[in-house]
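J.: Handing you a structure now.
The values are calculated or read from the model by the stated rules, or taken from the named source; none is laboratory data. What you see is a predicted model, and the numbers here were worked out from it, not measured in a lab. Because the Cβ atoms are built from the backbone with ideal geometry, glycine has one as well, and the counts that use them run over all protein chains shown. What goes into the accessible areas is simple: the full protein's heavy atoms, side chains included, and nothing from ligands, DNA or RNA. Shrake-Rupley method; radii C 1.70, N 1.55, O 1.52, S 1.80 Å.
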Amino acid sequence: MPSLEEPQESGTNQLVAPEPEHCPGPESQQAGQGDACQTCPNKEICASAPKGPDLDIPAITERLSDVKHKILVLSGKGGVGKSTLTGLLAHAFANNPDSTVGVLDLDLTGPSMPKMMGVESETIHISSAGWSPVYVLDNLSLMSIQFMLPSRDDAIIWRGAKKNGLIKQFLRDVDWGDLDFLLCDTPPGTSDEHLSVVQLLKESGIDGAVVVTTPQEVALLDVRREIQFCMKTGIKILGLVENMSGFVCPNCTFESQIFQATTGGGRALAKEMGIPFLGSVPLDPRIGMACDYGESFFDSFADSPACKALKCVVRGLASQLKLDNEQVIPDEEP
């Protein structure tokens, strides 16, 4: 099992003090120049350190050469169900036995994917080919820092440079094999983790990002910033998903609005920003129950309104990826 002490940015052993929060890293072009550098004792050391291209990027590109589609799941706002949606999308893609799906949990300080996938007690195995992901199904695998923790309650208290180092190791060392889809679940905001994954995947190619929001304006404010992040970093936005758009009663299927869309919700935001709107997913308490028990919501409640809405989201995503719907959700009525 890998050690949590391994991930380090090269050159950090020359520093005279721990890296501050939001440290760009000693080898970054911004080293010694960022806002976090101004009061850091390492400022002069980092500014004078040799700069150059990241030598690990070719290895990452080679490692991920057999992954056909790489998709980021983003949201500037926490609590909008981003990780839940990532798990639901993964199970939706994996419903096609001919598709192979991987999930990379990049929310290092709040890894929840192992619990949602029902593999919380598993650990990482190492072979000559690299780190082996944990298999949820025969065609669905997962990698998360949770598998490396002695206890599920252990906190990860790391500065930016060390988190970036582990993200690099996940991308460089995990032996995914041939994958049709790799879904990257990211933390909220536009932080170091987002910049790292964009820079490290630039050569291997990112198909785009799925942005998740809830209907209320408080969430939309942060999601606008996430959309701007994608535009500034050159990430194609595959579409916006409005999660928890209404509550559907499991008994009578009547839908009521829990979070009021005072400014038009996700659909209006997508139109405003000129990005595709993939659909609205209603709030269903059985989704949370399925996540708690590590079960597939698609298998348990295939006829629910939420499941039908999620399938519409997957079809929209397939269209953005220029895939045939039958390749993603086979035997589906038009």
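J.: Scan region 281-301 and tell me whether some residue there is modelled with pLDDT of 95 or more, within 28 Å of ASP180 (Cβ to Cβ) and in contact with a strand residue (DSSP E or B) (Cβ under 8 Å, 6 or more places away or on another chain).
T.: no
J.: Let me ask something else. Go through (1) part of a loop (DSSP other than H, G, I, E, B); (2) open to solvent by 30 Å² or more (accessible area, probe 1.4 Å); (3) not charged (D, E, K, R) for ILE156 and report which single condition fails.
T.: Going through the list (1) part of a loop (DSSP other than H, G, I, E, B); (2) open to solvent by 30 Å² or more (accessible area, probe 1.4 Å); (3) not charged (D, E, K, R), ILE156 breaks only (2).
J.: Has region 182-191 got any residue that is of a type outside the set (Phe, Trp, Tyr), within 12 Å of ASP107 (Cβ to Cβ), part of a helix (DSSP H, G or I) and in contact (Cβ under 8 Å) with a residue 24 or more places away in the chain?
T.: no
J.: So which residues in region 225-236 are in a loop (DSSP other than H, G, I, E, B) and buried (at least 20 other Cβ atoms within 10 Å of the Cβ), if there are any at all?
T.: ILE235
Table: residues versus (1) in contact with a Lys or Arg (Cβ under 7 Å, 6 or more places away or on another chain); (2) open to solvent by less than 20 Å² (accessible area, probe 1.4 Å); (3) under 30 Å from VAL134 (Cα atoms); (4) outside any helix (DSSP H, G or I).
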| site | (1), (2), (3), (4) |
| --- | --- |
| VAL223 | yes, yes, no, no |
| LEU238 | no, yes, yes, yes |
| ASP299 | no, no, yes, no |
| CYS307 | no, yes, yes, no |
| CYS312 | no, no, yes, no |
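J.: To continue, here is another question. If we keep just the residues of region 247-272 that are farther than 16 Å from PRO285 by Cβ, open to solvent by 100 Å² or more (accessible area, probe 1.4 Å) and part of a loop (DSSP other than H, G, I, E, B), which is modelled with the highest pLDDT?
T.: THR262
J.: Take the residues in region 109-141 that are within 13 Å of the chain's Cα centre (by Cα) and crowded, with 22+ Cβ neighbours inside 10 Å; name whichever of them is farthest from PHE181 (Cα to Cα).
T.: PRO111
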